[in-house]
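As structure tokens, the structure follows; a few thoughts come after it.
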Protein chains: 2
Amino acid sequence: MGGMQRRVTIKDIAREAGVSRQTVTRAMNGMPRISEATRDRILEISERLGYRPSRFASNLARTSKTKTIAFVVDSFRNPYYSELAADLLDAASARGWQMTIVSREDEPELQLLSRLANQVDAVVGYLGETDEKALATAARGAPLVLLGRTATTDGLHSVDFDFGPAFANLIDELRKRGSKRFGMLESQPLGAVYEPSTRRIAYEAAVDPVSAAAVVVCEAPPQSVDAGELGFDELIDRFPETDTVIAFSDLMAMGALRAAHRRGVDVPGQVRLVGVDGLSLGAVTSPALTSLAILGTGFAEQIADVIEQALDGGDGAERRRASLPILWRESA
Amino acid sequence: MGGMQRRVTIKDIAREAGVSRQTVTRAMNGMPRISEATRDRILEISERLGYRPSRFASNLARTSKTKTIAFVVDSFRNPYYSELAADLLDAASARGWQMTIVSREDEPELQLLSRLANQVDAVVGYLGETDEKALATAARGAPLVLLGRTATTDGLHSVDFDFGPAFANLIDELRKRGSKRFGMLESQPLGAVYEPSTRRIAYEAAVDPVSAAAVVVCEAPPQSVDAGELGFDELIDRFPETDTVIAFSDLMAMGALRAAHRRGVDVPGQVRLVGVDGLSLGAVTSPALTSLAILGTGFAEQIADVIEQALDGGDGAERRRASLPILWRESA
DNA sequence: CTGAAAGCGCTAACAA
DNA sequence: TTGTTAGCGCTTTCAG
């Protein structure tokens with residue numbers, strides 16, 4: 001045993017069974033126009049010979065090829081990305097696609113993109129590169145769906161968030177429940193030059209001027225819980241009047257919660273706390289986290305729809321904006 | 001524009017450029033033995049024509065084909081699986097493999113397995129089916145690596161856990177820190193007939209008889225945090241002497257923590273708490289969770305090694321047992 | 001019900 | 001540096 005044995009192909013089976021290769025194909029794929037007897041015989045032989053079909057050959061010959069999409073995220077250790085991946089996985093498998101998840105380690109984004117372009121039928125994900133032309137070029141004609149931003153370049157698809165109305169609505173609802181002074185925990189991508197996030201902009205537009213000034217920018221490491229913890233301290237110290245804190249993400253809100261525990265600040269008694277994302281994990285903290293939900297709102301389905309259109313080669317680029325309902329839990 | 005246009009192939013490019021297909025191949029793949037000039041010209045043409053290489057064709061023709069492995073889990077929403085997937089993803093991409101993650105919805109396990117067998121080069125994951133023969137048959141010759149159990153059937157690989165020594169060591173260390181009466185929160189797969197887990201068996205073997213009797217079996221739903229919360233209540237009510245609780249998983253430990261908060265039980269002051277898994281999430285609870293770590297211990301690397309051997313067609317089935325170091329954090 | 005022929009799109013080996 | 005010739009392993013016509 002062992003050694004470099006040649007691959008068993010349908011040809012071998014055909015020879016062994018004394019039939020044509022075509023007949024073998026029919027047997028293997030449960031196609032019609034073949035007798036029970038020969039099918040069984042062929043199946044038996046193929047098993048005996050240890051036959052394993054080549055997915056490359058069959059896809060090459062087949063008219064309808066199996067689609068593979070790549071989902072690109074920063075780090076798969078961030079539960080937001082993994083929960084979204086789970087949703088997307090469902091949507092993909094419902095459509096008969098394979099999906100590979102790619103977390104972009106140290107590899108330059110554009111390089112990774114052009115590598116992927118040769119391996120999958122479409123790429124979707126959170127890409128940071130701002131030069132859309134460069135992205136489009138790197139994708140080499142592969143459909144590309146940008147998440148969390150709105151594409152402007154021809155041929156690039158995107159699904160963005162509608163933070164404006166979402167924050168307006170959130171602040172409104174919180175006011176109804178008694179909130180007066182808001183504060184925000186904003187995130188700054190580690191090391192990068194700071195630029196206000198769309199969330200911050202939406203926040204500032206939704207609150208009163210005093211609250212709008214109460215923003216703490218946290219430099220967020222991979223695990224941004226810590227950033228949220230530090231940020232909460234700073235926010236409360238600098239703006240003690242704050243009765244409602246809105247965090248950039250649920251992860252940061254979890255950090256804020258930890259800080260609150262430590263300081264003996266009651267949530268939501270003294271300070272109301274709201275995150276963004278709708279992580280299912282937010283349900284297990286005490287108190288459970290109220291959140292502006294992205295997950296579990298059909299966002300993944302929306303993405304899949306866009307991919308589907310892109311795959312079908314629709315010419316116009318598809319651009320959507322997802323809305324974010326409030327997921328009321330205990331913290332606000 | 002639009003419509004069902006024929007695929008652009010190297011043949012088209014060759015014609016357009018007035019060279020052979022082989023030359024196009026050389027240009028596209030950055031191969032040697034081609035002049036800068038023609039390469040540039042070909043690249044330019046291919047871009048203009050919107051050429052997209054067929055991964056199926058190239059893999060079929062190529063001698064070294066790209067490997068794809070499938071990682072099968074119950075639910076990708078369980079952070080244990082997603083963190084392990086992240087580790088495995090790293091190990092896979094380091095080896096140049098693609099990895100697709102498959103969460104087995106309602107599809108019968110064996111059926112899913114045989115479907116996968118035609119799409120990937122190897123399957124690894126947590127499979128529940130106990131009939132190993134059936135598993136081997138469904139895999140149709142594709143290398144199969146079982147996780148969390150030890151395979152006994154010829155040709156089936158596995159990576160299991162060495163819970164015996166791990167629990168013995170854990171209990172030992174906890175005793176040194178003053179623990180006297182232990183209790184365990186055991187998990188019962190939802191709806192299934194209960195059978196003691198290897199963790200429970202290892203626990204019982206490691207503790208004194210009184211502690212060995214203090215086991216609460218929690219029926220664990222997908223999100224087993226709730227199960228842990230309920231279980232903690234029951235355990236403390238039935239065995240009030242308990243000073244140290246060991247949970248089946250970190251998720252359940254998180255639930256226990258929540259119950260402790262609610263009851264005003266100080267952790268680790270009054271009760272020490274230990275989970276299993278080594279979730280990075282365990283670092284963000286307050287107090288942070290001590291755990292018998294699986295994640296972050298080279299477990300994924302070990303799995304990848306086994307897959308590698310299986311892929312190389314090593315005849316003997318590879319069977320490993322991973323050890324579990326204690327990850328000391330605040331809760332114990 | 002079965003078979004023969006003609007590809008799918010690309011790359012390996014060898015010649016030129 | 002470039003081209004020619006054979007495939008890779010399977011499926012799709014279209015005839016039998």
message: So in the stretch A:87-108, with the set limited to residues that are farther than 20 Å from A:Val306 by Cα and without any contact (Cβ under 8 Å) to a residue 12 or more places away in the chain, which one is surrounded by the fewest Cβ atoms within 10 Å (Cβ to Cβ)?
response: A:Asp106
message: Against the definition (buried (at least 16 other Cβ atoms within 10 Å of the Cβ) and either out of contact with any Asp or Glu (no Cβ under 9 Å at 6 or more places or on another chain) or assigned to a loop (DSSP other than H, G, I, E, B) (or both)), how does B:Ala166 come out, yes or no?
response: yes
statement: Here the residues within the stretch B:100-109 that are more than 17 Å from B:Gly148 (Cβ to Cβ) and either of a type in the set (Gly, Ala, Ser) or modelled with pLDDT of 95 or more (or both) are none
- request: Kindly establish whether B:Ala91 is under 28 Å from A:Asn78 (Cα atoms), more than 9 Å from chain A (Cβ to nearest Cβ) and not β-branched (Val, Ile, Thr).
  value: yes
query: How many residues, within the stretch B:273-290, are aliphatic (A, V, I, L, M) and either in contact with a strand residue (DSSP E or B) (Cβ under 8 Å, 6 or more places away or on another chain) or within 21 Å of B:Asp162 (Cα to Cα) (or both)?
result: 5
message: Conditions first: (1) crowded, with 20+ Cβ neighbours inside 10 Å; (2) in a loop (DSSP other than H, G, I, E, B); (3) of a type in the set (D, E, K, R). B:Glu229 passes all but one, so which condition is the exception?
response: (2)
- request: Just give me the residues in the stretch B:114-146 being closer than 16 Å to B:Ala310 by Cα and either of a type in the set (D, E, K, R) or at the interface with chain A (Cβ under 9 Å from one of its Cβ atoms) (or both), in sequence order.
  value: B:Ala117, B:Val120, B:Asp121, B:Arg140, B:Gly141, B:Ala142
task: Output the number of the condition that B:Phe161 fails; it satisfies all remaining conditions of (1) away from chain A (no Cβ under 13 Å); (2) under 23 Å from A:Gln119 (Cβ atoms); (3) among the hydrophobic types (A, V, I, L, M, F, W, C).
output: (2)
task: Considering only the stretch B:1-115, give the helices (runs of 4 or more DSSP H) lying wholly within it that have at least 3 residues that are away from DNA strand D (no atom under 12 Å from the Cβ).
output: B:36-49, B:79-94
- prompt: Looking at A:Phe71, A:Phe56, which is the one that is more than 17 Å from B:Ala117 (Cα to Cα) and of a type in the set (Phe, Trp, Tyr)?
  reply: A:Phe71
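Okay, residues lined up against (1) in contact (Cβ under 8 Å) with a residue 12 or more places away in the chain; (2) part of a helix (DSSP H, G or I); (3) crowded, with 22+ Cβ neighbours inside 10 Å:
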{"site": "A:Thr130", "(1), (2), (3)": "no, no, no"}
{"site": "A:Ala134", "(1), (2), (3)": "yes, yes, no"}
{"site": "A:Gly141", "(1), (2), (3)": "yes, no, no"}
{"site": "A:Asp154", "(1), (2), (3)": "yes, no, no"}
{"site": "A:Asp160", "(1), (2), (3)": "yes, no, no"}
{"site": "A:Leu170", "(1), (2), (3)": "yes, yes, yes"}
{"site": "A:Ser187", "(1), (2), (3)": "yes, no, yes"}
{"site": "A:Ala192", "(1), (2), (3)": "no, no, no"}
- line: Per the list (1) more than 8 Å from chain A (Cβ to nearest Cβ); (2) closer than 26 Å to B:Arg26 by Cβ; (3) surrounded by fewer than 19 Cβ atoms within 10 Å (Cβ to Cβ), residue check on B:Gln111 breaks on (2)
query: So A:Gln98 clears everything in (1) more than 10 Å from every other protein chain (Cβ to nearest Cβ); (2) out of contact with any Phe, Trp or Tyr (no Cβ under 7 Å at 6 or more places or on another chain); (3) not hydrophobic (A, V, I, L, M, F, W, C) except one condition, right? Which one?
result: (1)
- line: Going through the stretch B:28-63 in order, the residues found to be among the small types (Gly, Ala, Ser) and more than 7 Å from DNA strand C (Cβ to nearest atom) are B:Gly30, B:Ser35, B:Ala37, B:Ser46, B:Gly50
- prompt: In the stretch B:29-80, what residues are over 22 Å from A:Val102 (Cβ atoms), touching a residue at least 24 places away in the same chain (Cβ under 8 Å), within 11 Å of chain A (Cβ to nearest Cβ) and of a type in the set (A, V, I, L, M)?
  reply: B:Leu49
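The values are calculated or read from the model by the stated rules, or taken from the named source; none is laboratory data. None of the values given here were measured: they were computed from a predicted structure. Backbone-built Cβ (ideal geometry, glycine too); neighbour counts: all protein chains shown.
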